[in-house]
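Okay, so here's the structure we're looking at.
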Amino acid sequence: MTTIDRRTRLAGPADTLDAEQLFAELTDRLADTGVLAARGVEQLELDTLGFDVDGSRAHLVVDGGRLVLREGLRADGVVAALDAWACSELLQDVVSTFGLVMAGRVQFPQGSGDRFVAWEPVLRAVIDGRPVYEPGSIAFRARNGGALELHRGFEADDDPEEIGHFLAEAGFLHLRGVFSEAEMAQVSAELDDALAAATQDDGASWWARTADGWYPARILGFNLKSPTLQDLLETDRYRRVGTFTDDDMVQRPPRVGDSAEGLLKKIGVVEGFSDVSWHKDCTMGGHSRGCCGLTVGIAVTGADRNSGELGVVAGSHRANVQAVDMRADLDLPRLPLPTSTGDLTVHCSCTLHMSRPPVDRERRVVYTGFGLAPRPGDVQEELTPEEIRRRRAQLSDQSQNLEQDFIGRSPEAFALDS
């Protein structure tokens, strides 16, 4: 069976626990996973992590080859000050360390946000028993047992089992020529109209700034503004993407809600969400409750190294690594995915990816996708379209809580293998 379903928890809200209950539960988990987690601390070269939960304090430290929870705080390491609700969501994988930092729900009386986020893989090892990635532990195998050709692209009518196997192994796909240049030209014209109508206070767009000023870099709910896109998303050419594995996938509905986003990547962005470096789509939390979904990029214009092409880290959907930014010593391949107009890129929701800043021409792309079908016992949060829109737009406003290391504007942040 070919699957990308890595869920180990049911979807739903966290149970509300107080500090005493949280520390007791953490101690119980460490009885099973402390040795595994200590190996991760060593691998990532971390110091200590302290928690101040509504005034109750404890810290994680390696003792005798095992990660343990001790009372009080230490003078070294990072200390995260947060309330019991935030800590409950963190330790039940509703929100991640990065999600707390981005939303401003955690403070650091000692240390910094990036050092807190560096602990994310170890916390996942503690809570879910998922080993922290170690170099050389992931291989890429073709269906015949040989080495997988990671630079391979596919045509729309290629063997679906071959495509599905590649997706499960590598965590991404490049599908060539799914839509025509004429179809993309019409989508581009409708994106022009949506960009012209956007305002910075509309709650329906994200903005970025170049030397020429602010511009709408992302149109939320673009599917509702593009009749051509709606029709294309209902074609068998597109819907086939959700059938490559044996998982039950649910397409984002083309004619309802914020199911697709239209992006304009300009040259020379200096502020705002446009050129964000390495991250996973489960960066905000909930990997064990929802991964892997599929994010689909529709190349409205082609993209290469000079016009904002997508980059992926092969196999990272199978690796317990930081979900934002990337350690320099990560040995998994960093691959460019250059596209022509009308191509699709597909990546798993927990595949590390980024897009390079354009340097000689703009890039236009639409992002939409598929999610894993709910299971019996999953609790789906009932949100109005207005609340979904508000939360999505809020992510752009919360970017002020990020440290520069998370945004990544240096050339090294966007380096790819040749």
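When segment 250-270 is filtered for residues that are open to solvent by 30 Å² or more (accessible area, probe 1.4 Å), in contact with a helix residue (DSSP H, G or I) (Cβ under 9 Å, 6 or more places away or on another chain) and not basic (Lys, Arg), the ones remaining, listed by number, are Val250, Gln251, Pro253, Val256, Asp258.
Looking across segment 48-80 at every residue that is under 27 Å from the mean Cα position of the chain (by Cα) and assigned to a loop (DSSP other than H, G, I, E, B), the one that is farthest from Gly129 (Cα to Cα) is identified as Gly77. Residues that are out of contact with any Leu (no Cβ under 7 Å at 6 or more places or on another chain) and open to solvent by less than 20 Å² (accessible area, probe 1.4 Å) within segment 102-119 comprise Gly113, Phe116, Val117, listed in sequence order.
Whenever a residue of segment 285-299 is on the phi > 0 side of the Ramachandran plot, its partners that are among the polar types (S, T, N, Q), lying with C-beta atoms within less than 9 angstrom and at least six residues away or across chains, give the pairs Gly285/Ser96; Gly285/Thr97; Gly286/Ser96. Out of the residues in segment 80-91 meeting the condition of being crowded, with 21+ Cβ neighbours inside 10 Å and in contact with a Phe, Trp or Tyr (Cβ under 9 Å, 6 or more places away or on another chain), tell me which one is nearest to Phe116 (Cα to Cα). So, considering only residues that are crowded, with 21+ Cβ neighbours inside 10 Å and in contact with a Phe, Trp or Tyr (Cβ under 9 Å, 6 or more places away or on another chain), the one nearest to Phe116 (Cα to Cα) is Ala80.
Just checking, does segment 311-325 include any residue being in contact with a His (Cβ under 8 Å, 6 or more places away or on another chain), aliphatic (A, V, I, L, M), buried (at least 21 other Cβ atoms within 10 Å of the Cβ) and over 24 Å from Arg9 (Cα atoms)? Yes.
The residues in segment 335-344 that are open to solvent by 30 Å² or more (accessible area, probe 1.4 Å) and outside any strand (DSSP E or B) can be counted, and the count is 3. Residue count for segment 39-66 under the criterion of being out of contact with any strand residue (DSSP E or B) (no Cβ under 6 Å at 6 or more places or on another chain), within 20 Å of Ser88 (Cα to Cα) and open to solvent by less than 10 Å² (accessible area, probe 1.4 Å): the result is 1. Taking each residue of segment 104-125 that is at negative phi and looking for partners that are at pLDDT below 95 and among the β-branched types (Val, Ile, Thr) with beta-carbon atoms closer than 9 Å, six or more apart or interchain, yields Val117/Val324; Glu120/Val324.
Each residue in segment 345-383 was checked for being touching a Gly at 6+ places or on another chain (Cβ under 7 Å) and either surrounded by fewer than 24 Cβ atoms within 10 Å (Cβ to Cβ) or not charged (D, E, K, R) (or both), and 19 pass.
For segment 153-172, indicate whether the set of residues that are in contact with a Gly (Cβ under 8 Å, 6 or more places away or on another chain) and loosely packed, with under 15 Cβ neighbours inside 10 Å is non-empty.
Scanning segment 153-172, I find at least one residue that is in contact with a Gly (Cβ under 8 Å, 6 or more places away or on another chain) and loosely packed, with under 15 Cβ neighbours inside 10 Å, so the answer is yes.
Can you name the residue in segment 1-33 that is β-branched (Val, Ile, Thr) and under 20 Å from Cys87 (Cα atoms) and, of all such residues, is surrounded by the most Cβ atoms within 10 Å (Cβ to Cβ)? Only one residue fits best here, namely Thr33. Screening His165 on (1) more than 30 Å from Ser56 (Cα to Cα); (2) in contact with a helix residue (DSSP H, G or I) (Cβ under 6 Å, 6 or more places away or on another chain) shows it passes everything except condition (2).
Right, Leu36: touching a Pro at 6+ places or on another chain (Cβ under 7 Å), surrounded by fewer than 21 Cβ atoms within 10 Å (Cβ to Cβ) and in contact (Cβ under 8 Å) with a residue 60 or more places away in the chain or not?
Working: touching a Pro at 6+ places or on another chain (Cβ under 7 Å): yes; surrounded by fewer than 21 Cβ atoms within 10 Å (Cβ to Cβ): yes; in contact (Cβ under 8 Å) with a residue 60 or more places away in the chain: yes.
When the stated conditions are applied, Leu36 passes them.
Inspection of segment 209-221 identifies no residue that is of a type in the set (Ser, Thr, Tyr) and open to solvent by 20 Å² or more (accessible area, probe 1.4 Å). Selection within segment 81-119: residues that are under 17 Å from the mean Cα position of the chain (by Cα) and of a type in the set (S, T, N, Q). The member of this set that is nearest to Thr48 (Cα to Cα) is Thr97.
The values are calculated or read from the model by the stated rules, or taken from the named source; none is laboratory data. No experiment lies behind these values; they were computed from the predicted model shown. All Cβ positions, even for glycine, are placed from backbone atoms using ideal geometry, and neighbour counts span all protein chains on display. Surface accessibility is based on the protein's heavy atoms, side chains included, excluding ligands, DNA and RNA. Shrake-Rupley method; radii C 1.70, N 1.55, O 1.52, S 1.80 Å.
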